[in-house]
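Here's the structure, in structure tokens; my notes come after.
The values are calculated or read from the model by the stated rules, or taken from the named source; none is laboratory data. In this text, all values refer to a predicted model and were calculated from it rather than measured experimentally. With ideal geometry, Cβ positions are generated from the backbone for all residues, glycine too; neighbour counts draw on all protein chains shown.
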Amino acid sequence: MRTEKHWKDIFNTVIQETDIILEVLDARNPLGTHNRMIEDFVKQNRPEIEIYLIMNKADIIPKSVMQEWKRFFKTQGYKIFAVSARFNRGIIELEKYFRRTVIRSNTNILIVGYPNTGKSSLIEALTRGKKKVGVSNRAGYTRVIKKIKLTNKIYLIDTPGVIPIDETNEMEMAIKSCMIADKLEDPLAVVESIYTLIKREQFERTYKIQLKDDDGIDELIEKIGKRYGRLKSGGRVNEVEVQKLIIRDWQNNKLHYYTLPPSYHQK
């Protein structure tokens, strides 16, 4: 985990060349993947930089919920776009917007986002067929800066791993899909949290099992383990492997879940 000083040194160097920041949010949990530290740091050091929110994976939540999230962020003063980078939806509209609004030549756009929000997919969608025009090593970087020419005026800056993450709670990080299941110290705690967030019918449909009314976490893990052959020698269920399976399916949206905007219940 980077220290606060370390990421600030790295990020401060990056934003000296930045004109616009695109922060990628996971449409399933936009508030949870919205990094306020980025905004606070930019306001203190380069307040002239414009920050746009890109709500990615918009295809996996209901359209009405997506529209409400867009309305919510707009009322907070943000400029926001909803896209599905994986299926190339909303990408053309995003590109057209910047082609219309960017006037100054050599405008640099930095893309940031929590792990697994789809930052890499967005970069791939925007830069498909483009050639990297510059790679430079900078002191303090663990990886290189890549600049890709999008138009004669616009360049994209790809700086892997520079977004600051101030959370240390691995359960919260895993729920936000920011931690790999195999690296979790307590996968059971994550599964218990997931179990409270979605209906049991989803587990039954996803894993083709039948749960009784009084079944809890233990029975869920037992039945999934037997159904999918996650067993130890002697035929006992490998509980840890089942827990990791559930977490991976959660993070890959096989177990469907999304959050609602704070104002949604008022509709």
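Going through the stretch 97-124 one residue at a time, which ones are charged (D, E, K, R), modelled with pLDDT of 90 or more and within 11 Å of LYS153 (Cβ to Cβ)?
Once the filter is applied, which keeps residues that are charged (D, E, K, R), modelled with pLDDT of 90 or more and within 11 Å of LYS153 (Cβ to Cβ), the stretch 97-124 yields only ARG99.
Starting from residues that are farther than 27 Å from LEU211 by Cβ and not in a helix (DSSP H, G or I), keep the ones in the stretch 180-195 and report whichever is modelled with the lowest pLDDT.
ILE180
Within the group LEU53, LEU94, which residue is in contact with a helix residue (DSSP H, G or I) (Cβ under 7 Å, 6 or more places away or on another chain) and under 23 Å from ILE154 (Cβ atoms)?
Every option except LEU53 fails the conditions.
Report every pair of residues separated by at least 6 positions or lying on different chains whose Cβ atoms are under 8 Å apart, first residue within the stretch 180-204 and of a type in the set (Asp, Glu), second outside any helix (DSSP H, G or I).
GLU204/GLN210; GLU204/LEU211
It is to be established whether one or more residues within the stretch 93-100 are within 21 Å of SER177 (Cβ to Cβ) and under 21 Å from the mean Cα position of the chain (by Cα).
From the stretch 93-100, those within 21 Å of SER177 (Cβ to Cβ) are none; that's our starting set.
No, the stretch 93-100 contains no residue that is within 21 Å of SER177 (Cβ to Cβ) and under 21 Å from the mean Cα position of the chain (by Cα).
Give the stretch 218-267 a look and list any residue that's loosely packed, with under 14 Cβ neighbours inside 10 Å and in contact with a strand residue (DSSP E or B) (Cβ under 8 Å, 6 or more places away or on another chain), or say none.
none
May I ask you to list the residues in the stretch 147-164 that are of a type outside the set (A, V, I, L, M) and modelled with pLDDT of 85 or more?
Looking only at the stretch 147-164, we keep the residues that are of a type outside the set (A, V, I, L, M), and these are 147, 149, 151-153, 155, 158-161, 164.
Those that are of a type outside the set (A, V, I, L, M) and modelled with pLDDT of 85 or more: LYS149, THR151, ASN152, LYS153, TYR155.
Within the stretch 201-240, restricting attention to residues that are of a type in the set (Lys, Arg) and in a helix (DSSP H, G or I), which residue is nearest to the chain's Cα centre (by Cα)?
ARG205
Can you tell me which residues in the stretch 250-267 are more than 16 Å from the chain's Cα centre (by Cα) and at pLDDT below 90?
Those that are more than 16 Å from the chain's Cα centre (by Cα) and at pLDDT below 90: PRO262, SER263, TYR264, HIS265, GLN266, LYS267.
Suppose the filter is surrounded by 14 or more Cβ atoms within 10 Å (Cβ to Cβ), modelled with pLDDT under 75 and not assigned by TED's automatic domain parsing to the domain that holds THR18; does ILE198 pass it?
Criteria not met by ILE198.
Filter the stretch 246-267 down to the residues that are without any contact (Cβ under 8 Å) to a residue 24 or more places away in the chain and not in a loop (DSSP other than H, G, I, E, B), then identify the one that is farthest from THR117 (Cα to Cα).
Result: GLN266.
Does ASN29 fit the bill of being within 17 Å of LYS176 (Cβ to Cβ), at pLDDT 90 or above, in contact with a Phe, Trp or Tyr (Cβ under 9 Å, 6 or more places away or on another chain) and surrounded by fewer than 20 Cβ atoms within 10 Å (Cβ to Cβ)?
Details: within 17 Å of LYS176 (Cβ to Cβ): yes; at pLDDT 90 or above: yes; in contact with a Phe, Trp or Tyr (Cβ under 9 Å, 6 or more places away or on another chain): yes; surrounded by fewer than 20 Cβ atoms within 10 Å (Cβ to Cβ): yes.
The answer is yes for ASN29.
For the stretch 78-108, what are the residues that are small (Gly, Ala, Ser), closer than 25 Å to ARG36 by Cβ and touching a residue at least 40 places away in the same chain (Cβ under 8 Å)?
ALA82, ALA85, listed by residue number.
One residue is enough: does the stretch 34-49 have a residue meeting the conditions aliphatic (A, V, I, L, M) and within 26 Å of SER263 (Cα to Cα)?
Yes, the stretch 34-49 contains a residue that is aliphatic (A, V, I, L, M) and within 26 Å of SER263 (Cα to Cα).
Mind counting the residues in the stretch 36-72 that are assigned to a loop (DSSP other than H, G, I, E, B), touching a residue at least 24 places away in the same chain (Cβ under 8 Å) and within 21 Å of TYR97 (Cβ to Cβ)?
Number satisfying all stated conditions: 2.
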